[in-house]
Amino acid sequence: MVKIRLKRLGAKHSPYYRIVVMPSERRRDGREIEQLGWYDPAGKSKEQYKIDLVRADYWLSKGAQPTEIVRGLIKKERVKSA
């Protein structure tokens, strides 16, 4: 099964995430199939996240399952871009 999930980057106590597509069997920071965007929960920049909705819709149509956080970010991005 393919999942759309977060891949952790950044230093201790200041996480930064990439939104990636990867098989569910791979570990969290393993090699991804494709990078769809990024998410900065600390909000150091003006934007807190960015997602390529076209590619996300493509992977969702192929049966990829997003995690809860990614599902919420996709939903927010759709509202923002509408």
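Which of the residues belonging to the stretch 45-69 are touching a strand residue (DSSP E or B) at 6+ places or on another chain (Cβ under 9 Å), in a loop (DSSP other than H, G, I, E, B) and of a type in the set (S, T, N, Q)?
Gln48, Thr67
Of the residues that make up the stretch 14-37, is at least one in contact (Cβ under 8 Å) with a residue 60 or more places away in the chain and more than 14 Å from the chain's Cα centre (by Cα)?
There is no residue in the stretch 14-37 that is in contact (Cβ under 8 Å) with a residue 60 or more places away in the chain and more than 14 Å from the chain's Cα centre (by Cα).
Kindly indicate the residue of the stretch 46-82 that is β-branched (Val, Ile, Thr) and over 14 Å from Arg5 (Cβ atoms) and also farthest from the chain's Cα centre (by Cα) among those meeting that condition.
Val79
Sort out which residues of the stretch 52-82 are among the hydrophobic types (A, V, I, L, M, F, W, C) and farther than 22 Å from Ala11 by Cα, and write them in order of number.
Leu53, Val54, Ala56, Trp59, Leu60, Ala64, Leu73, Ile74, Val79, Ala82
Determine whether Arg8 is outside any strand (DSSP E or B), loosely packed, with under 12 Cβ neighbours inside 10 Å, under 14 Å from the mean Cα position of the chain (by Cα) and of a type outside the set (Val, Ile, Thr).
no
Kindly evaluate Glu32 against the criterion of being surrounded by 13 or more Cβ atoms within 10 Å (Cβ to Cβ), among the charged types (D, E, K, R) and part of a loop (DSSP other than H, G, I, E, B).
yes
Taken together, the values in this text are just the output of simple stated rules run on the coordinates, not laboratory data. This is a predicted model, so every value here is computed, not measured. Note: ideal-geometry Cβ built from the backbone for every residue, glycine included; neighbour counts use all protein chains shown.
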